[in-house]
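Trainee: The following block contains the structure, expressed as C-alpha cells.
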Amino acid sequence: MKNSLGKVYRIKPRQPKVAVIGAGPAGLSAAYMLSKRGVPVEVFEAGTQPGGLAKSISLWNQTVDLGPHRFFSKDERVNRLWFEVVGSDFTVINRMTRIHYENKLFDYPLKPFDALAKLGLVEAVHCGLSYLKSKCSAPCDPATFEDWVVQHFGNRLYEMFFRTYSEKLWGISCQELDADFAAQRIRQLSLYEAVKNGLLKSNTRQHKTLVDEFAYPKLGAGMVYERMAQRIVQNGGFVHYGTQVEKVFTENGVATGIVLRDGALRKYDHIISSMPLPVLVARLPESPPHVKYLTQFLRFRNTILVYLQVDSPNLFPDNWLYVHSPEVRVGRITNFRNWSSDLYGAERSSILALEYWCNDEDALWREGEPQIVELAGKELRSSGLVGNAKILNGHVHRIPRCYPVYSTGYRKVLGPIQDYLGSIRGLQAIGRYGAFKYNNQDHSILMGILAAENVQEQASHNLWEVNTDYDSYQEDEAVVLR
C-alpha cells in the first residue's frame with residue numbers, strides 16, 4: 001500500500017484468534033507454540049490446574065503424579081520443546097519395572113530367559129511347546145489382541161503375561177480387543193526372535209537404551225505443563241481454569257466459536273479441541289445424524305487411583321509394577337519414592353499409587369472412598385510388597401474417560417467421524433481424549449506442535465496419522481504392554 005507521498009508500507013496480516021479446549025499436554029503444547037509466535041490464543045480448562053492426565057498433585061507433604069509418567073521420544077521436535085520448557089530441572093531415572101505374578105517378580109520389558117527360569121523347568125517346557133504349536137498353525141492376519149499375541153508368543157505365555165492384565169485394563173475379553181492395541185504396544189517380534197535378540201544383545205550391548213533410563217522433571221510430570229501455562233500467559237495469551245466448554249459452534253461447515261457452560265458464545269478463527277471426541281462430535285450443531293450415532297460406539301475406560309502412604313522409605317526398588325495376578329483387581333502400582341528425591345524431600349514415608357480400571361456402570365466406580373482405600377490396603381498387603389510396614393493414610397482420585405477402548409472393528413466406527421471432522425474448516429481434534437488415540441505424552445505434544453503449524457503456517461499436517469507408525473515408535477529391546 002502507498003501513502004499520499006508515494007511511500008510503500010507493508011500491511012502485516014492479521015493473526016488468527018485461536019481457542020484451545022483443554023490444558024493437557026496436547027492443548028498446552030499447541031497454545032505454547034502459537035503464543036511464542038505472537039498468535040492470540042486462549043486456553044479453556046474445566047479443571048483447576050494444567051497438565052491433564054500428566055498433572056502432579058500434592059499429598060501428605062509430597063508430590064505425586066497420576067500414575068507413572070515417563071517421558072521419552074524419538075522425535076527431535078518433541079524433545080526440543082520438552083527440554084526448552086524443562087531446562088536443566090530434570091533428573092535421569094534408572095528405570096526398573098517388573099511384573100508381579102504368582103508372588104514372583106518378572107523383568108519388564110519381558111525377557112524370555114528370566115520369565116522361563118522363574119516359571120520353572122516344567123512350565124518353561126510347556127511354554128515352549130505352546131509356542132511351537134502356534135508356529136505350526138496356519139498363519140493369519142490377526143483381528144484381535146488374543147490372536148496377535150498367541151501367534152507371536154503361544155497360548156501359554158499369553159495366558160500368563162498378557163490376558164489377565166489386558167482384561168483388567170480394558171474390561172473386555174481379549175477376543176473383543178482389536179489387534180491394533182498389540183501392534184501399538186507390543187514390539188513386532190516372536191518368542192524365537194526375543195530369545196535370539198536376548199542372546200545377542202546380552203553379549204554386545206555397551207550402552208543404555210530408552211528401556212533402561214528416562215528423563216523426568218524434578219518436581220513431577222506436571223511441572224512441564226505448569227511452566228507451559230505460565231509462559232503462554234507471559235507471551236500474552238490466556239489460560240482460563242474452571243471454565244468448561246460446552247460445545248464448538250459451527251456455521252456452514254466452518255468452526256467459528258465455542259459455547260461455554262454458562263451459555264456464552266465466544267468467536268474465534270480457529271478451534272483446537274482436546275475434549276473427548278464423542279462429546280465434541282455429538283454436540284456439534286451441524287453433525288449429521290449417522291455421525292452422531294457412531295459416537296456411542298466409542299467408549300473410554302475410567303481409572304481409580306488409590307494413593308497409600310506407607311510408613312517406610314524402602315519398600316521395593318521398582319518405579320512401577322504391573323500386577324498380572326488374577327486374584328486381585330489392582331492392575332499397576334507406582335512407587336513415587338523411586339523417582340525424583342525432590343518429590344518427597346525430607347519425608348520418610350513412601351507414597352504408592354494403586355490403579356483400578358472400571359466403567360461408569362461398575363459398582364467400584366460408585367463405591368465410597370473408605371471402601372476403596374480398604375480394598376487397596378488389603379490387596380497391597382496380600383502382595384507381600386510392603387511387609388509389615390504400616391499404612392498411614394489413603395486418598396482416592398478418580399479419572400473419568402482416560403483410556404480409549406480399541407474394541408474390534410473400532411476403525412470402521414472412527415473413520416467416518418474423522419472424515420466428518422476433517423471437513424470442518426478451522427477445527428482440529430488432538431490428544432488422547434480429542435483424537436481417541438492411546439497417546440503417550442510425546443504423541444500428544446507432537447499433535448500440539450503440528451496443530452499449531454497448521455494454524456500459523458497454514459501447514460497441512462494430518463494429525464490422525466500421529467501415533468500410527470507403530471514399528472518405528474517402539475523402544476529398543478522392548479516387549480511393551482502399555
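Trainee: Which ³J(HN,Hα) values, rounded to whole Hz and listed in residue order, are derived for the stretch 117-129 from phi using the Karplus coefficients 6.51, -1.76 and 1.60 in 6.51 cos²θ - 1.76 cosθ + 1.60 with θ = phi - 60°, glycine and proline given as x?
Mentor: 5, 6, 6, x, 4, 4, 5, 4, 5, 4, 5, x, 5
Trainee: Which net charge results for the neighbourhood of SER350, defined as the other residues with beta-carbon distances under 14 angstrom from its beta-carbon, given Lys and Arg at +1 and Asp and Glu at -1?
Mentor: Working: positive: ARG337, ARG348, LYS390; negative: ASP311, ASP318, GLU347.
That works out to 0.
Trainee: Can you list residues from other chains, or at least 5 along the same chain, whose modelled amide H is less than 5 Å from the amide H of ASN235?
Mentor: Under 5 Å from the amide H of ASN235 lies no amide H from a residue far enough along the sequence or on another chain.
Trainee: Using packing as a proxy for protection, rank 371-384, 44-57 so that the peptide with the highest average count of other Cβ atoms within 10 Å comes first.
Mentor: Averaged packing, sorted descending, gives the order 44-57, 371-384.
Trainee: Just how large is the dipole of the chain about the Cα centre, in debye to the nearest 20, putting +1 at every Lys and Arg Cβ and -1 at every Asp and Glu Cβ? Can you show the working numbers first?
Mentor: Values: 56 positive and 51 negative charges, 241 e Å.
It comes to approximately 1160 debye.
Trainee: State the answer as a single residue: which of LEU375, TRP320, ALA363 lies farthest towards the positive end of the charge dipole of the stretch 300-404, with beta carbon charges of +1 for Lys and Arg and -1 for Asp and Glu, about the Cα centre.
Mentor: Towards the positive end, the residue furthest out is TRP320.
Trainee: Sort MET33, MET96 so that the residue with the fewest other Cβ atoms within 10 Å of its own Cβ comes first and the one with the most comes last.
Mentor: Arranged by neighbour count, lowest to highest, MET33, MET96 become MET96, MET33.
Trainee: Separate question: Just need the relative contact order of the stretch 300-404 here, percent rounded to a whole number, with Cα pairs under 8 Å and 6+ apart.
Mentor: Computed over the stretch 300-404, the figure is 47 percent.
Trainee: Give me the number: length gained by fully extending ARG77 to ASP141, i.e. 0.36 nm times residue separation minus the C-alpha to C-alpha distance, one decimal in nm.
Mentor: On the way: separation 64, 0.36 × 64 = 23.04 nm, distance 3.44 nm.
Gain on stretching ARG77 to ASP141: 19.6 nm.
Trainee: Which residues' amide hydrogens lie under 5 Å from the amide hydrogen of SER407, considering only partners 5 or more residues apart or on another chain, with H built in the peptide plane?
Mentor: Excluding prolines and chain starts, which carry no amide H, the hits are ASP178.
Trainee: Please list the non-local residues whose amide H lies under 5 Å from the amide H of THR256, H modeled 1.01 Å from N, same-chain partners needing a gap of 5 or more.
Mentor: Counting only residues 5 or more places away or on other chains, the set is PHE249, THR250, GLU251.
Trainee: Another question, then. Calculate the FRET efficiency for VAL122 and GLU213 from the Cβ-Cβ distance with a Förster distance of 41 Å, rounded to the nearest 0.05. Display every interim value, and only then the final one.
Mentor: Values: r = 36 Å, r/R0 = 0.88.
Step by step, r from the Cβ atoms, then E = 0.70.
Trainee: Short version: ³J(HN,Hα) in whole Hz for each residue of the stretch 428-444, in order, from phi by Karplus 6.51 cos²θ - 1.76 cosθ + 1.60 (θ = phi - 60°), x for Gly and Pro, what are they?
Mentor: 10, 10, 9, x, 4, 5, x, 9, 6, 10, 7, 7, 8, 3, 5, 4, 5
Trainee: Along the charge dipole of the chain, which of ILE445, CYS140, THR63 sits closest to the positive end, that is, farthest toward it, with unit charges on the beta carbon of Lys, Arg, Asp and Glu (+1, +1, -1, -1)?
Mentor: The Cα lying farthest towards the positive end belongs to ILE445.
Trainee: How do TRP320, TRP170 line up, fewest other C-beta atoms within 10 Å first?
Mentor: Details: TRP320 23, TRP170 20.
So the ranking, lowest neighbour count to highest, is TRP170, TRP320.
Trainee: Which net charge results for the neighbourhood of MET223, defined as the other residues with beta-carbon distances under 12 angstrom from its beta-carbon, given Lys and Arg at +1 and Asp and Glu at -1?
Mentor: With Lys, Arg at +1 and Asp, Glu at -1, the neighbours total -1.
Trainee: In which sequence would GLU355, GLU457, GLU42 go, from the one with the fewest C-beta neighbours within 10 Å to the one with the most?
Mentor: GLU457, GLU42, GLU355
Trainee: Taking R0 as 35 Å, what FRET efficiency do you get between ASP342 and LYS378 from their Cβ-Cβ distance, rounded to the nearest 0.05?
Mentor: 0.65
Trainee: Take the residue pairs LYS412/LYS437; LYS36/LYS437; LYS104/LYS378; LYS55/LYS218; LYS17/LYS437 and return only those whose Cα atoms are more than 23 Å apart.
Mentor: LYS36/LYS437; LYS17/LYS437, as the Cα separations exceed 23 Å there.
Trainee: Label points 7 Å out from Cα along the Cβ direction at GLU286 and GLU327: separation in nm?
Mentor: 6.0
Trainee: Hey, another quick one. Scan the stretch 322-360 for chymotrypsin sites (Phe, Trp or Tyr not before Pro) in coil per DSSP, keeping those whose Cβ has at most 16 other Cβ atoms within 10 Å, and list them by number.
Mentor: On the way: sites: TYR322, PHE336, TRP339, TYR344, TYR356, TRP357; in loops: TRP339, TYR344.
Sparse-neighbourhood loop chymotrypsin sites (Phe, Trp or Tyr not before Pro): none present.
Trainee: In percent, how large is the relative contact order of the chain, given Cα pairs closer than 8 Å and 6 or more residues apart?
Mentor: 25
We did not get these values from a lab; they are worked out from the coordinates using the rules stated. Note that the structure is a prediction, hence the values are computed from the model and not measured. Every residue, glycine among them, receives a Cβ derived from its backbone with ideal geometry; neighbour counts consider all protein chains shown.
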